[in-house]
Amino acid sequence: MRSRVFSESFKRDKVRMYETGKMSVSQLSKTYQVSETSIYKWIDRFRSTPASERIVVETESDYLQVVELQERMVKMERLIGNQQMMIDYQQSVIAAAKQHYGEDIEKKFG
């Protein structure tokens with residue numbers, strides 16, 4: 001059996017394809033008839049980001065879900081802010097009535 005030797009530029013090109021998401025390791029392995037172990041070694045050697053840095057891969061549906069959740073969070077924060085303003089207003093009205101009438105309204109009606 002003949003052993004094949006791949007050039008550094010070939011290896012770098014395949015790592016770049018993996019990093020950009022054009023092909024997965026298994027796709028590269030099948031397409032170029034190279035073991036997945038070899039491709040992982042190429043990735044470790046020629047990656048563009050440090051090994052300690054994580055690469056986050058997400059699908060478009062993941063992105064859309066994150067955007068939807070962020071929009072929902074903004075709406076909830078706005079609702080909580082409105083509720084807090086209402087509570088603050090009610091407390092100031094009760095304090096003003098207490099001062100005006102000289103009675104503890106919260107104790108009397110609460």
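Every number in this text was worked out from the coordinates using simple rules, so none of it is lab data. Everything numeric here is computed off the predicted structure, so don't read it as measured data. Cβ: placed from backbone, ideal geometry, glycine included. Neighbour counts: every protein chain shown.
For Gln84, neighbours were defined as the other residues whose beta-carbon sits under 13 Å from its Cβ, and their charges (Lys and Arg +1, Asp and Glu -1) total -1.
Annotated for the chain: lysine pairs at least 8 residues apart or interchain, Cα distance under 16 Å, count 9.
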